[in-house]
Amino acid sequence: MTTEYQAPAEHELETIDLNINVGPQHPATHGVFRMILTVDGEVVVDVDPVIGYMHRGAEKLSENCDYRQAIGYQDRTDYLAQFNTELGYVLAVEKLAGLEVPERAEYIRVILSELNRISSHFMFTGAFGTDIGLFGTPFMYSFRERETIQDFFEEITGERMMYNYFRPGGVAWDVPEGFEERCRYVLAEARKGIEDIDGLMTENEVFVARCRGLSPVSPEDAINWGLSGPMLRACGVKHDLRRAEPYSIYDRFDFQIPTGTNGDVFDRYLVRLEEMRQSALIVEQALAQIPKDGPTMVEGMKRILRLPPGEIYMRTETPRGEYGIYLVSKGGDKPYRLKIRSPAFSNLSALKAMSAGNYVADAIIILGSIDIVLCEVDR
Amino acid sequence: MFGIGIARGMLLTLRHLFKQPFTFQYPEERRPIPENARTNLLWFEERCTGCSTCAQACPDGCILVQTSPNAEDGTLNIDRYEIDFRLCMYCGLCVEACPYEAIQAGGPYDDAVYDFGALYRDKHALTAMAQEYLRTHDWTYPIGKVAPKPEERDLRLGKASRGVGAFTPDVGLGGGPTPIPMAGEKGDRRPGNVAPPPSSGNRAPSS
């Protein structure tokens, strides 16, 4: 008996969702991050992010170090904005110890932190361009400018990436001679670079077509998800910890807080671009106000700092958002507990809601727009 | 009109076409390094007193110092001084902590190895690295002070260095890489039973 093959009618075709594994070693995931995408055709239905590949236990390691030694681990949480994370930690320790930091050290810290914000956002523009498919030019231009800033940091601290320069009570050593001239030069170069990136990307029709209107987030959702930093401001929420809770000497500078309107991917890019310009403004003002000489460290600081018992939560604004340090001291030279609230972790938690319903190619862009640093997510 | 933004971007790249290249052709052409760059750790045996302050300052615990009191004058013999560069994160806290400037930041930055265990450097390897640095830098320490030249130093045992048989004058004075024997290997001159680091075929960093 022969049976003839009969093609089933179209409505009888059974379709199932397909799982696509992106990562953990995939250049588009910005580190070691795994996304399990469930796709229906080309459309993403579900995202299952898998994190923890970079977990080093920085919080626990810090409990075994004295307050100065743990700065090295702060560098390694957010390896694109090391000065900002160091600043958050150092401020928490200083607040608990009740230290009054010399003026010059405060200005040096702010200048370096803001330059670091610019360099971190350069990294974003470069990597984001690559995510979209503009491989060569924005990536190379961004890295060129970032290189100039990193050279400057290397001259001051001696390291290219893991600076270990801020200390509770000031900075490790005074900046080398010619700091201000070099800083002005680097700033001018960075500004040129910002305009280059602006000219290359902002009005590029392909770029705009891919980004505008992609995964808009409402301000209510953003607050409920705990987004912070440029992700939150792109949704139109004017919240910047440098303004909301001025720490260090940020209340002395005049700068704007850029906000977006739609909360889509394009707004996130625009907010970051504008933030770079505002950071450059802050550096310029700080350079005009910085005392020419003076101590850069609290006088009579001992190498081993002993904190009184107590606890503190210090939050600062890093390029990725609210970076919180929760420090519990029970006396002695080591923290009893150090908890790091990393902004990229909270921002990443909204990935599922943001990318569901979009195409697979757009899921990569949405992930890129979060500007994650996996070392900071996993800690 | 569609395409104006792209055209503007193209113009921008065209402008950059006539600029000097920003990159270096690395192995042939080397970027100048800032003076205080923490490229590596150099340990100068003649300055070290064996106080272990560096080991206490290290967050990773990668410095091992083992000393024994010298019977003659009560100073400390440095029996072992080892840095595990596999753990070291080049934070420079040991450099800040050392009261005698015996450990200083500087030296070769291109010291990648084929064998991971070769990054465990004992007294011999560290001295070879430090002497090589001094030889190529006009016998000046990275902090700018003048170091004693080898001919000015008494190289007899226990004189130039407080350690027993520590300073090896043949190491670091000739050009090219010098093989450094590891514990248990042929040519190992260290006294006592030293736990062998998990490596074999160690070579000194070539300059």
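Just a few scattered comments:
- Qualifying residues in the stretch A:161-182 (those that are among the charged types (D, E, K, R) and in contact (Cβ under 8 Å) with a residue 24 or more places away in the chain) - the one surrounded by the most Cβ atoms within 10 Å (Cβ to Cβ): A:167
- In the stretch A:201-254, the qualifying residues are those that are within 14 Å of chain B (Cβ to nearest Cβ) and assigned to a loop (DSSP other than H, G, I, E, B), and the one that is modelled with the highest pLDDT is A:212.
- Residue pairs whose Cβ atoms lie under 6 Å apart, separated by 6 or more positions or on different chains, with the first residue in the stretch B:2-29 and in contact (Cβ under 8 Å) with a residue 60 or more places away in the chain and the second part of a helix (DSSP H, G or I), do not occur.
- In the stretch A:172-200, the qualifying residues are those that are in a helix (DSSP H, G or I) and β-branched (Val, Ile, Thr), and the one that is nearest to residue A:243 (Cα to Cα) is A:194.
- Filtering the stretch B:8-60 to residues that are of a type in the set (A, V, I, L, M, F, W, C) and facing chain A (nearest Cβ under 10 Å) leaves B:10, B:11, B:12, B:22, B:33, B:37, B:57, B:58.
- Test result for residue A:157, of a type in the set (Ser, Thr, Tyr), within 11 Å of chain B (Cβ to nearest Cβ) and closer than 30 Å to residue B:6 by Cα: no
- Residue selected from the stretch A:85-104 under the condition closer than 20 Å to residue A:152 by Cβ and crowded, with 24+ Cβ neighbours inside 10 Å, by the criterion nearest to the chain's Cα centre (by Cα): A:85
- Looking across the stretch B:43-81, the residues that are of a type in the set (Asp, Glu) and farther than 21 Å from residue B:119 by Cα come down to B:46, B:72, B:73.
- Residue within the stretch A:266-277 that is in contact (Cβ under 8 Å) with a residue 24 or more places away in the chain, among the β-branched types (Val, Ile, Thr) and farther than 21 Å from residue A:108 by Cα present: yes
- As a summary of the residue check, residue A:39 satisfies the conditions (1) under 14 Å from residue A:167 (Cα atoms); (2) open to solvent by less than 40 Å² (accessible area, probe 1.4 Å); (3) more than 14 Å from every other protein chain (Cβ to nearest Cβ) except for the one numbered (1).
- The set of residues in the stretch A:133-160 being farther than 15 Å from residue A:187 by Cβ and open to solvent by less than 20 Å² (accessible area, probe 1.4 Å) consists of A:138, A:142, A:154, A:157, A:158.
- Residues that are buried (at least 16 other Cβ atoms within 10 Å of the Cβ), part of a helix (DSSP H, G or I) and either acidic (Asp, Glu) or in contact with a strand residue (DSSP E or B) (Cβ under 8 Å, 6 or more places away or on another chain) (or both) occur in the stretch A:333-343; there is at least one.
- Among (1) within 22 Å of the chain's Cα centre (by Cα); (2) farther than 30 Å from residue A:102 by Cα; (3) at the interface with chain B (Cβ under 8 Å from one of its Cβ atoms) - the single one residue A:128 does not satisfy: (3)
- Count of the stretch B:26-59 residues which are under 12 Å from residue B:91 (Cα atoms), over 17 Å from the mean Cα position of the chain (by Cα) and in a loop (DSSP other than H, G, I, E, B): 1
- Among the criteria (1) free of Cβ contacts under 8 Å to residues at least 12 places away in the same chain; (2) more than 24 Å from residue B:21 (Cα to Cα); (3) open to solvent by 10 Å² or more (accessible area, probe 1.4 Å), the one residue A:185 does not fulfil is (2).
- Evaluated against (1) of a type outside the set (A, V, I, L, M); (2) at pLDDT below 90; (3) open to solvent by 20 Å² or more (accessible area, probe 1.4 Å), residue A:326 falls short on exactly one condition, (2).
- Scanning the stretch B:85-107 for residues that are open to solvent by less than 30 Å² (accessible area, probe 1.4 Å), more than 10 Å from every other protein chain (Cβ to nearest Cβ) and assigned to a loop (DSSP other than H, G, I, E, B) gives B:85, B:88, B:98, B:102, B:107.
- Single unsatisfied condition, residue B:29 versus (1) modelled with pLDDT under 85; (2) exposed (fewer than 14 other Cβ atoms within 10 Å of the Cβ); (3) closer than 29 Å to residue A:76 by Cα: (3)
- Residue satisfying condition, being in contact (Cβ under 8 Å) with a residue 60 or more places away in the chain, among the acidic types (Asp, Glu) and in a loop (DSSP other than H, G, I, E, B), within set B:79, B:73, B:111, B:138: B:111
- Some residue of the stretch B:68-79 being modelled with pLDDT of 85 or more and either within 14 Å of chain A (Cβ to nearest Cβ) or farther than 29 Å from residue B:30 by Cβ (or both): no
A quick yes/no check of all residues on (1) within 14 Å of chain A (Cβ to nearest Cβ); (2) open to solvent by less than 40 Å² (accessible area, probe 1.4 Å); (3) within 30 Å of residue A:166 (Cβ to Cβ); (4) among the aromatic types (Phe, Trp, Tyr):
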position	(1), (2), (3), (4)
B:66	no, no, no, no
B:111	no, yes, yes, no
B:114	no, no, no, yes
B:141	no, yes, yes, yes
B:144	yes, no, yes, no
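The values are calculated or read from the model by the stated rules, or taken from the named source; none is laboratory data. The shown structure was predicted, so the numbers you read here are calculated from the model rather than taken from an experiment. Virtual Cβ from ideal backbone geometry, glycine too; neighbours counted across all protein chains shown. These accessible areas exclude ligands, DNA and RNA; they are computed on the full protein's heavy atoms, side chains included. Shrake-Rupley method; radii C 1.70, N 1.55, O 1.52, S 1.80 Å.
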